[in-house]
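The values are calculated or read from the model by the stated rules, or taken from the named source; none is laboratory data. No experiment lies behind these values; they were computed from the predicted model shown. Here Cβ is always computed from backbone atoms with ideal geometry, including for glycine, and neighbour counts include all displayed protein chains.
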């Protein structure tokens, strides 16, 4: 599969998302489906929360372009003959989008949302998209997982879905991190001749970049749960279709490193809330982006810092496939120490305010209002 093919799919998804996003924005503003300012939100005007509709539509446009190419242009039949695992992945993506959309429109209790995520994840797993083996880092060869692969696959998909959803707290943050992760998966999939995964990640990159046109600070639209959960779910299934088809012992570590920042954010949130006697599902302002804002960085600077951190981890993940075992270990240790230092410097495990702390809410509003042009009109 050529670079031109990947570029064409990326361009179609990008163009479709660029067209769909302002349409969705205008419709949601007309219907009053917006995020109001205040509380944990850092924007200062009402902003559409249905960007996930444009993201899902842009991705579907890219997949449709691949199908058209297969039927009329002689492209390799990755989609039209993709088989049950790919059909299951698409069904799961549609399912998680619907779960997120219902949450964006009407709200959903945490337990109900988790049940919806598990059901959506069960679709590709039941269709045969599973983590069946991992490489043995000590003796070489493969470790067959057997039935353990089923709950592990479910945990993998649901986990990725939630870590992207949790990091979606600033303009352009989740879309940019997902674009970086997808670009890493594309390079790895192409080198491993996993062309189906490569095509899908190219489409996902175009979708994220197209949405960033309107979502980067000052954002005029948010992706909502429908967009964030869809992106996380898509990344999880694409890693299983591509990167994790390798027999290398480091297979599981690569996507974990690529998504290292949102994973660290999620892990630190769980530890922080348990440590201070808070429910795990209770939202607080202790996430990485909140801590950077409190250290005096503005929204754009905070997002760019996390982009840089994500790129560094992605490069580290990529390098793991190219170096001897000892260097792989050294790279893992260095990246872990750097991330641990960042976590300590930011105070990710220290107590954080929860929504409803009036004095802390006032301080957050002061920080948000100190940044000009947040929530400005559509650019």
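Residue check: is residue 52 under 23 Å from residue 193 (Cβ atoms), in contact with a helix residue (DSSP H, G or I) (Cβ under 6 Å, 6 or more places away or on another chain) and at pLDDT 90 or above? I'd like the intermediate steps shown before the answer.
Numbers: under 23 Å from residue 193 (Cβ atoms): no; in contact with a helix residue (DSSP H, G or I) (Cβ under 6 Å, 6 or more places away or on another chain): yes; at pLDDT 90 or above: yes.
Taking the combined requirement at face value, the residue does not satisfy it.
Can you find a residue in region 205-222 that is assigned to a loop (DSSP other than H, G, I, E, B), within 18 Å of residue 161 (Cα to Cα), at pLDDT 85 or above and touching a helix residue (DSSP H, G or I) at 6+ places or on another chain (Cβ under 7 Å)?
Checked against the condition, which is being assigned to a loop (DSSP other than H, G, I, E, B), within 18 Å of residue 161 (Cα to Cα), at pLDDT 85 or above and touching a helix residue (DSSP H, G or I) at 6+ places or on another chain (Cβ under 7 Å), region 205-222 yields at least one hit.
Can you pull out the residues in region 251-292 that are modelled with pLDDT under 75, within 26 Å of residue 320 (Cβ to Cβ) and out of contact with any helix residue (DSSP H, G or I) (no Cβ under 6 Å at 6 or more places or on another chain)?
Of everything in region 251-292, those that are modelled with pLDDT under 75, within 26 Å of residue 320 (Cβ to Cβ) and out of contact with any helix residue (DSSP H, G or I) (no Cβ under 6 Å at 6 or more places or on another chain) turn out to be 252, 253, 256.
Regarding residue 74, is this residue more than 18 Å from residue 4 (Cβ to Cβ), over 23 Å from the mean Cα position of the chain (by Cα) and at pLDDT below 90?
The answer is no for residue 74.
For residue 131, state whether it is touching a helix residue (DSSP H, G or I) at 6+ places or on another chain (Cβ under 9 Å) and surrounded by fewer than 20 Cβ atoms within 10 Å (Cβ to Cβ).
It is false that residue 131 is touching a helix residue (DSSP H, G or I) at 6+ places or on another chain (Cβ under 9 Å) and surrounded by fewer than 20 Cβ atoms within 10 Å (Cβ to Cβ).
Starting from residues that are under 10 Å from the mean Cα position of the chain (by Cα) and modelled with pLDDT of 90 or more, keep the ones in region 165-180 and report whichever is nearest to residue 320 (Cα to Cα).
Filtering first and then ranking leaves 180.
Inside region 86-104, can you point out the residues that are surrounded by fewer than 18 Cβ atoms within 10 Å (Cβ to Cβ) and either more than 23 Å from residue 209 (Cα to Cα) or touching a strand residue (DSSP E or B) at 6+ places or on another chain (Cβ under 9 Å) (or both)?
Hits for region 86-104 are 87, 91, 102.
Collect the residues in region 76-119 that are within 18 Å of residue 130 (Cα to Cα) and outside any helix (DSSP H, G or I), keeping them in residue-number order.
82, 83
Of these, 209, 200, which one is more than 19 Å from residue 47 (Cα to Cα), under 17 Å from the mean Cα position of the chain (by Cα) and surrounded by fewer than 24 Cβ atoms within 10 Å (Cβ to Cβ)?
Result of the check over 209, 200: 209.
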